[in-house]
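The block underneath contains the structure these notes are about, expressed in C-alpha cells.
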Amino acid sequence: MPIETTTSVVTEVPDDAELLAVPYDSDLSPSVELPLPAAGLLAHYDAKGEAGEIVEVPVARSGGVGRVLLYGVGDGSPRALRTAAAALTRKAKGRDTLTVVPPAGDLTPFAEAALLAAYTFRIGKAGKKPVGTLVFAGADEGQVRRAETVARAVAFARDLANTPSSVKNPAWLAEQAQESGVPVEVWDEERLKADGFGGILAVGQGSASPPRLIKLTYTPRRAGRAARRAGGQGHHVRLGRAVAQADRQHEDPEDRHGGRRGRHRGAQGAGRAQGPPYA
C-alpha cells in the first residue's frame, strides 16, 4: 500500500514535542536536556551507541508526560543510519507524530529508511497504523524531499510485486502505470493486432485476461548534455558500462558482447527509474 506516513521539516524542535528522537553515538552524549545525566542514564541501560539502540526516557511536558527516544547511530555510515531510522519508525508505530533531531551528515539514507519502515502491505484486517508524521527538526529540506521521492517510488514497486496475481492482470497493471508520473502509452488487444504484435497476442491466448503492452517514457531534464558526455548514448549507458565491468568476471567469453548489451538495457531502465539523481 502507499506509504501513509507524511513528512515535514521545521527549523527548531517544538517545545511541546510529545515524542522526540535525539541521536547519540559511542560518546553517549546526546544534545538534549533530560531529568537525569544522559551519560549515566545510557550507562544504566548498557547502551553503547550502536545503530538500532533506543532508550526511552519520560519527560515533563506542558500537557503531561512526553517521551524522548535516544537512538544510537553507530559509526554514522549510511547502513547504520538506515538501521537507526527503521528502528525509530517501528518504535513510533501507532503514534501521531515523531519529531526527529537528525544525525550528522547526509540525511537522505536516514529519511528513506524511516519512511520505508512505515511501508505495509496487508490484505484483510488492518493492523496497527504506522506513525502519522515524521517531523525533521533542523534538517535539509532538499534531502528530505529527495528521500521521500525515492521511498514512495520503492513502495510503489513493492506494491506491484506484492499484489496477488489474481488481481494483477494486464489491465490492472496498465492502470497502475498511469500513476508512475511519466508519459504512458498502452496497447490493448485491438491495437496490438492492428500494429502487428502477433507474439504478444499468441501468448495472451493462454490467459483469461487479455494482454497489454505498456510503454513508459522518461526524458531527463539534462538529457542533451548527458548524451554528449556519453557519446550520444545518454548517461544511462555509463551506468550500464559500470554494471557490465563489475560483472564481467561472471560472463561467458563467447557471449560477452551480447551479455553486455542486455545489461546496458537493464541499467538504462534502472537509471531512468531513478529519476531525480539523473534529471
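Points to keep in mind about this one:
- Counting only strands (runs of 3 or more DSSP E) wholly contained in segment 1-100, no element carries 2 or more residues that are surrounded by 14 or more Cβ atoms within 10 Å (Cβ to Cβ), in contact (Cβ under 8 Å) with a residue 12 or more places away in the chain and in contact with a Cys (Cβ under 6 Å, 6 or more places away or on another chain).
- Subset tally (residues that are aliphatic (A, V, I, L, M), modelled with pLDDT of 95 or more and more than 15 Å from GLY52 (Cα to Cα)) for segment 69-106: 2
- Yes/no for ARG248 being modelled with pLDDT under 90, among the basic types (Lys, Arg) and in contact with a His (Cβ under 8 Å, 6 or more places away or on another chain): no
- Of all residues making up segment 115-134, the number that are in contact (Cβ under 8 Å) with a residue 40 or more places away in the chain and farther than 16 Å from ASP159 by Cβ: 5
- Pairing each residue of segment 168-192 that is in contact (Cβ under 8 Å) with a residue 24 or more places away in the chain with any residue that is among the small types (Gly, Ala, Ser) and surrounded by fewer than 15 Cβ atoms within 10 Å (Cβ to Cβ), provided the two are 6+ apart or on different chains, yields C-beta distances under 6 Å for ASN169/SER209; PRO170/SER209.
The values are calculated or read from the model by the stated rules, or taken from the named source; none is laboratory data. A quick note: this is a predicted structure, and the numbers were derived from the prediction, not measured. Please note: Cβ atoms are built from the backbone with ideal geometry, for glycine as well, and neighbour counts cover all protein chains shown.
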